[in-house]
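The structure appears right after this line, and notes come after that.
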Amino acid sequence: MVSPPKLRLENLSKTFTTDNGDFVALAASNLDIPAGRFVSLIGPSGCGKTTIFNIVAGLLPPTTGRVLIDGEDATGFIGQVGYMLQKDLLLPWRTVLDNVALGMEIKGTPLKEARERALPLIQRYGLGGFEHQHPSALSGGMRQRAALLRTLLIDMDVILLDEPFGALDAQTKSKLQEWLLGLFNDFGRTVVFVTHDVEEAIYLSDEIHVMASKPGRIVEALPIDLPRPRHRSVVTTPRFMAMKKYCLDLLHDQDPQRSAA
Ligand SMILES: Nc1ncnc2c1ncn2[C@@H]1O[C@H](COP(=O)(O)OP(=O)(O)OP(=O)(O)O)[C@@H](O)[C@H]1O
Ligand SMILES: [Mg+2]
């Protein structure tokens, strides 16, 4: 028997009712993500990427359709996936250590044990010395790192990351990409990743889904068959650059200003 995909979006759509009438943020969309894949969603601002994540995380009811995890209906259930929101949402009254430990704590790990797991990672990934500070003492990039660590430590099979590296400087971003690839190789999670950075999407992913807006929808699936483990030097290979050009052209075609012209 063929096992179901780890995550399936089945006929999923979202229409918001606003003062100006109904707005279709996401037209009926289907997506299958097999277990252990790294899948990116790219598309223009407002094409419904965060809306998809909010629905998958059970925070927003879809207008039509279902979310299935391992073939089971998970629509509207909170706590089935790890989710790093586009805004980091660290709790200002908790220390960095206790923010990173928070996800584990919510899942039932005693705080002492959660801290013991979090501390070495905090030290290894550039937040050493800040563990007992509060988030207000961190730079934007450091806050993102803390939020990412918190999400990865929740130990869920499916992890949703909404532009986790968007606010980082190039060097930190590149370091964290390597780190995330390492974690992905070691732990075999299923990752759904949103980014505006085409090169980042290709470098990290097994598959990219390109979206368009008005209405938000998935327009193309691109398999990224670069071998793993990946090395940074892959970005200058002709194959990589050809894929990048293809993606950029697709996104350019979605540009509303261009369509209007
Ligand atoms: N609660 C809401 N009520 C009305 N419209 C909404 C609501 N939430 C989102 N939208 C609209 O739905 C569309 C999709 O929003 P969404 O946040 O999913 O976009 P996105 O692809 O994540 O964009 P970005 O790349 O800027 O983060 C946008 O046009 C947005 O204004
Ligand atoms: Mg968004």
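Any read-out appearing in this document is the output of simple, stated calculations on the displayed coordinates, not a laboratory observation. As the structure is a computational prediction, the values presented were derived from the model and not from experiment. Positions of Cβ are generated from backbone atoms using ideal geometry, with glycine treated the same way; all protein chains shown enter the neighbour counts.
If you wrap a convex hull around the C-alpha atoms of the chain and split its volume per residue, what is the figure in Å³?
Numbers: hull volume 39.7 nm³, N = 261.
Taking the convex hull of the Cα positions in the chain, it is 152 Å³ per residue.
Please work out the Cα center distance from the range 38-61 to the range 205-234, rounded to the nearest Å.
So the separation of the two Cα centres works out to 15 Å.
Based on other C-beta atoms within 10 Å, arrange Cys247, Cys47 from fewest to most. Walk me through the numbers before you get to the answer.
On the way: Cys247 21, Cys47 24.
Ascending number of Cβ neighbours within 10 Å: Cys247, Cys47.
Return the tail of the calculated pair distribution for the range 136-226, meaning the percent of Cα-Cα pairs more than 17 Å apart.
Working: 2146 of 4095 pairs.
Tail of P(r) above 17 Å: 52 percent of Cα pairs.
So, in nm, how far is label Gln133 from label Ala221 when the simple model puts each one 7 Å beyond its Cα toward the Cβ?
Distance between the two pseudo-spin positions: 4.4 nm.
Determine the sum of side-chain charges near Ile69: Lys and Arg each +1, Asp and Glu each -1, restricted to other residues whose C-beta is under 11 angstrom from that of Ile69.
Details: positive: Lys6, Arg8, Arg66; negative: Asp70, Glu72, Asp73, Asp157.
That works out to -1.
Please report how far the C-alpha centroid of the range 67-100 lies from that of the range 157-183, rounded to the nearest whole angstrom.
Each part's Cα centre sits 16 Å from the other's.
Ignoring everything except DSSP H segments at least 4 long, calculate the 222 nm mean residue ellipticity for the chain; use -39,500 (n - 2.57) per segment, divide by total residues, nearest 500.
On the way: 8 runs with 93 residues, N = 261.
It comes out at -11000 deg cm²/dmol, rounded to the nearest 500.
Using the Cα centre as the reference, give the magnitude of the dipole from point charges on the C-beta atoms of the range 98-176 (Lys, Arg: +1; Asp, Glu: -1; all else neutral), rounded to the nearest 20 debye. Please report the intermediate quantities before stating the final value.
Numbers: 10 positive and 10 negative charges, 43 e Å.
Roughly 200 debye for the range 98-176.
Any idea what the dipole of the chain comes to, in debye rounded to 20, about its Cα centre with Lys/Arg Cβ at +1 and Asp/Glu Cβ at -1? List each step's numbers first, then the result.
Working: 28 positive and 30 negative charges, 94 e Å.
My answer is approximately 460 debye.
Might you report the magnitude of the Cβ-based charge dipole of the range 49-193 about its Cα centre, with Lys and Arg at +1 and Asp and Glu at -1, to the nearest 20 debye? Could you put the intermediate results ahead of the total?
On the way: 15 positive and 16 negative charges, 75 e Å.
Once rounded to the nearest 20, the dipole reads 360 debye.
How big is the Rg/Rh ratio for the range 1-155, C-alpha atoms only, Rh by Kirkwood, two decimals?
On the Cα set of the range 1-155, Rg over Rh gives 1.03.
Write down the percent of antiparallel bridges among all DSSP beta bridges whose residues are both part of the chain, to the nearest 5. Walk me through the intermediate numbers first.
Numbers: 22 of 38 bridges.
DSSP beta bridges in the chain are roughly 60 percent antiparallel.
How high is the relative contact order of the chain, in percent, with contacts defined as C-alpha pairs under 8 Å that are six or more residues apart? Don't skip to the end; give the middle numbers.
Values: 485 pairs, mean separation 61.9, N = 261.
Relative contact order comes out at 24 percent.
Grab the Cα-Cα distance for Arg239 and Leu111, subtract it from 0.36 nm times how many residues apart they are, and report the gain in nm with one decimal.
Numbers: separation 128, 0.36 × 128 = 46.08 nm, distance 4.69 nm.
Fully extending the segment from Arg239 to Leu111 adds 41.4 nm.
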